[in-house]
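The values are calculated or read from the model by the stated rules, or taken from the named source; none is laboratory data. Being a predicted model, the structure only gives us computed values, none of them experimental. All Cβ positions, even for glycine, are placed from backbone atoms using ideal geometry, and neighbour counts span all protein chains on display.
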Amino acid sequence: MRHYILVGAGGFGREVMPLVIAQLAHEIGSGRARAYFAVEDLRDEVETNGVPTISLEHARDLRGEIFFNVAIADSKVRERIAEHCLAVGMVPFPIAAASSLDLAANQFGAGAILCPFTMVTANARIGRFFHANFYSHVAHDCEIGDFVTFGPGVRCNGNVRIEDHAYIGTGAILRPAGKAAPLVIGRGAIVAMGAVVLTHVPAGETVFGNPARAWRGGLHRTSDAPSSTRSET
């Protein structure tokens, strides 16, 4: 028996589980596989949208092959859980909607999640446990680090480098201003929803607006503040 564990039964997890079930329809239908949600420190097994929901601690004790992915937006939590699952012998599996497109010569790290109507065009290199929410795309020659999150409708144009743990909000556009060097989004940076990024974003920075500029809390009017950064997933 093969067991497929999706860690996280919150909003994003509930959106992703139907993709898992569709992707594994033949195995599940033949009785060779089962799909589960897993949640940390869950005391009693329940069902979530008709899918068995077990504790992460129980998941590692299932008999048979155990595969996993992590549908949690917070990239630091995602990394911690992924490292735990790997340490106890679980194997990451990719999740891709039938409507997602992987066009040509792209490389993916373990545990990518590609939601409906996402696209990766050509010669992109994508790190581990990447989340691409629906209608987002990655264009040619991009380099994306580990545990990067795209909200819905992100437009990542060609020749962009995004470092580990960066978060790109709903509807953001990443576009290099020139061809000489890639646009760089630094490690742990946050690009707020709707931002249009034309220049490098330093590690740990939050940017918003069109063109995107740094958010400095009280240095800008309240009406200028990004209304949300991490609500997409």
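General remarks:
- Residues being more than 20 Å from Gly204 (Cα to Cα) and either in contact with a His (Cβ under 6 Å, 6 or more places away or on another chain) or buried (at least 22 other Cβ atoms within 10 Å of the Cβ) (or both) - total across segment 143-184: 1
- Among the conditions (1) closer than 30 Å to Asn123 by Cβ; (2) touching a residue at least 60 places away in the same chain (Cβ under 8 Å); (3) touching a strand residue (DSSP E or B) at 6+ places or on another chain (Cβ under 9 Å), Lys76 misses just one, which is (3).
- Of the numbered criteria (1) within 23 Å of the chain's Cα centre (by Cα); (2) among the small types (Gly, Ala, Ser); (3) at positive phi, the one Gly64 fails is (1).
- Tally, over segment 62-82, of residues that are surrounded by 16 or more Cβ atoms within 10 Å (Cβ to Cβ), more than 21 Å from Arg14 (Cβ to Cβ) and not hydrophobic (A, V, I, L, M, F, W, C): 1
- Against the list (1) surrounded by 18 or more Cβ atoms within 10 Å (Cβ to Cβ); (2) closer than 17 Å to Val7 by Cβ; (3) at pLDDT 95 or above; (4) touching a Cys at 6+ places or on another chain (Cβ under 9 Å), the condition Val91 fails is (1).
- Residues being outside any loop (DSSP other than H, G, I, E, B), among the charged types (D, E, K, R) and in contact with a Leu (Cβ under 7 Å, 6 or more places away or on another chain) - total across segment 29-73: 0
- Filtering segment 132-150 to residues that are outside any strand (DSSP E or B) and either within 20 Å of Ala71 (Cβ to Cβ) or not small (Gly, Ala, Ser) (or both) leaves Asn133, Phe134, Tyr135, Ser136, His140, Asp141, Cys142, Gly145, Asp146, Phe147, Val148.
- Residue satisfying condition, being under 19 Å from Ile162 (Cβ atoms) and charged (D, E, K, R), within set Arg60, Arg34, Arg78: Arg78
- Number of positions in segment 85-109 that are closer than 21 Å to Val16 by Cα and out of contact with any strand residue (DSSP E or B) (no Cβ under 9 Å at 6 or more places or on another chain): 2
- Leading residue by the ranking (surrounded by the most Cβ atoms within 10 Å (Cβ to Cβ)) among those in segment 186-207 that are within 16 Å of the chain's Cα centre (by Cα) and not in a loop (DSSP other than H, G, I, E, B): Val191
- Among the residues of segment 95-115, those identified as of a type outside the set (S, T, N, Q), part of a loop (DSSP other than H, G, I, E, B) and surrounded by fewer than 16 Cβ atoms within 10 Å (Cβ to Cβ) are Ala98, Ala105.
- The residue that is farthest from Ala98 (Cα to Cα), among those in segment 109-133 that are out of contact with any Lys or Arg (no Cβ under 7 Å at 6 or more places or on another chain) and touching a residue at least 40 places away in the same chain (Cβ under 8 Å), is Arg128.
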